Amino acid sequence: MLKRIYPALKICVGIVFGSICTLFIVESFRSESVKIGIPLGVHAATSAGNDSFSVATGQIDENVEGLFLLDGVTGDLTCNVISIFNGKFFARMHRNVLNDLDLDDDKNIRLLLVTGMWNFRSQSGQMRPSDSLIYVVDSSSGNYAAYAVPWNKLVSNKGRQGSHIGEIKLLDKGTSRDSVAN
């Protein structure tokens, strides 16, 4: 008689165990960040480059993204923004970073470019810094600088084709080879 009860008992235990596991899995998918169709709030910026040219992307405001280009030979940093209405570049900001990084036209310059998220809170008015910071580093000297793009959100909302030209603003600079800081 025990031989007949044990297989049935094993099946019942298996069903109970499977039900408990299924319940845990279903409950884990009830989190807001896992539901299909709901954005996870992931922001991806990317950068690539070599000794003579670097490119990166970064959020300008909640509607538009900037394409950041850094010429490693001339030191020209440029931000181009595409219109949300017609898909054309309509804004361009520029700055030469060589003076900011205390570099001359030395052949040993090796510039790197990355972007990061930023929410500057103490600014009011129409002109505000972009939602991204631009970091430029000279790997030869260890000098670095942080930049922001001055941005008027109304410009992207109007979607006018034309020239919105401005200057990328230097926020701060430093060096990684500072003996006082290290």
Given the condition within 21 Å of I109 (Cα to Cα), surrounded by 10 or more Cβ atoms within 10 Å (Cβ to Cβ), touching a strand residue (DSSP E or B) at 6+ places or on another chain (Cβ under 8 Å) and at pLDDT 80 or above, answer yes or no: does some residue in region 30-53 qualify?
yes
Hey, can you tell me all the residues within region 150-174 that are modelled with pLDDT of 90 or more, out of contact with any Lys or Arg (no Cβ under 6 Å at 6 or more places or on another chain) and of a type outside the set (D, E, K, R)?
L170, L171, G174
Step by step: first the residues of region 63-91, then only those that are at pLDDT below 90 and charged (D, E, K, R), then the one that is surrounded by the most Cβ atoms within 10 Å (Cβ to Cβ). Which residue is that?
E65
Per the filter on region 45-66, residues free of Cβ contacts under 8 Å to residues at least 24 places away in the same chain and within 21 Å of F120 (Cβ to Cβ) are E65
Filter the strands (runs of 3 or more DSSP E) completely within region 48-145 down to those with at least 3 residues that are closer than 17 Å to L170 by Cβ.
65-71, 76-82, 89-96, 111-117, 127-138
Restricting to region 97-115, name every residue that is within 13 Å of I134 (Cα to Cα) and either loosely packed, with under 14 Cβ neighbours inside 10 Å or without any contact (Cβ under 8 Å) to a residue 40 or more places away in the chain (or both).
none
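The values are calculated or read from the model by the stated rules, or taken from the named source; none is laboratory data. Just so we're clear, the structure is a prediction, and the values are computed from it rather than from any experiment. We place every Cβ from the backbone using ideal geometry, glycine too, and count neighbours over all the protein chains shown.
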